[in-house]
Structure formats: C-alpha cells, structure tokens
Amino acid sequence: SKEGSKYEHLYGCWLPPRHREAVLTEGETDAVWLARAVQREGAGVDVLALPSGASQPPSAVQTDRLKGYRTIYLALDPDRYGVAATRTWVDVLHALDKRDVRLCRLPLGRDLRDARPRVSTMLSEARTPLPEPQGISAQHGGYVVVGDKGSERVVTHWTVEPLAQLSGGDDGPG
C-alpha cells in the first residue's frame, strides 16, 4: 500500500491572497469546485483547502497562511470527521487571534461539491460558532465540571455528539 500525501501546506497556498476573507474546505475537489463557483459569481473570497481532509490537526504552517484574513469561513463536510475538525479549527483560530470565524451550513451527507450551494447564499447564511461551555468537559464517558482548584465532579455518565443544529431565521429558532 502507498502512503498518503505528506503535503503540509493548505491547498491553494501558492496563490497570493487577494481578498480579506477566505473559505477553508475539507479537500482539494471541494476547493476546485468552490474556486470555479467563486469566479462565476464574482464573490470576493479566497479559497483554500485542507490537504489531507479532516484527519490532520491544524499546523503552524496552515494557520500562518490564514493570518491576513479578516474573516475565515469553514466549509468542512457535515459528517463526524468534518464536525470534529471544524471544532478543532474554531478553537485553534480563536486561540491565535480572535478573528471572525464563520461556519457554512451544508446539508447532512453532502460535501460542498455535492451540495453546490450558491456562494453568496452560503456566505451570508454562515454563522458564528457556539462557544464551548466554560468549565464543563467530556471526560471518562460523561460530562465533568472542573472546579477552581482543578477538582473534577462527574455530572453525567453519558455524552452527546450532535450531528446538526437546528436553527431558524433572524427571528430565532423555528
């Protein structure tokens, strides 16, 4: 068997940044489709992609490439791995410099290339991610509250892994 690519840079990093906003996709085929759609629609965003899908955590080389952008849209696949990678990227980007990060919503079971959303609609409907609850973490097969002095108190013996979040329009859930 052959090993996968060791390419560490974001796909598309060889292009100079042209806009103040970028969309990060999960793979090269999603990036190619999106770059063509951006060009067709005249959307003002750069397109970059994770070189090995959602399996690798963000590297310093990748996050450095994103430093000049005011807004970063994450358009990773809405599957288990894409959701986990999205949370990781949100946490890493916020820890670095608190930039504006937005999550693009894609239909469950469909990646960007398959869903083929209108770029302007996808970007305008992108939402700021919900923060992780402070002081609560999933550990030991349940949720744990961590006290001021590092003590742990088990709250549940189960965890939840949501696949999607229902949301309504600007008027709230509905």
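Basic side chains Lys and Arg get +1 at the Cβ, acidic Asp and Glu get -1 at the Cβ, and with that the dipole of the stretch 27-114 about its Cα centre reaches some 220 debye. With R₀ fixed at 35 Å, the C-beta to C-beta distance from Asp114 to Val155 puts the FRET efficiency at about 0.35. Annotation: amide H-H contacts under 5 Å for Glu125 (H modelled 1.01 Å from N, sequence separation of 5 or more, or interchain): none.
Using the Cβ-Cβ distance between Val145 and Gln39 with R0 set to 45 Å, the FRET efficiency works out to roughly 0.35. Around the amide H of Tyr73, modelled in the peptide plane, lie the amide H atoms of Ala22, Val23, Leu24, Arg102, all under 5 Å away and 5 or more residues distant in sequence or on another chain.
Using the Cβ-Cβ distance between Arg127 and Trp14 with R0 set to 35 Å, the FRET efficiency from 1/(1 + (r/R0)^6) comes to roughly 0.70.
A short reminder: the numbers here are calculations on the coordinates, not readings from a lab. Remember, predicted model here, so these are calculated numbers, not experimental data. Here the Cβ is made from the backbone with ideal geometry for all residues, glycine too, and neighbour counts use every protein chain on show.
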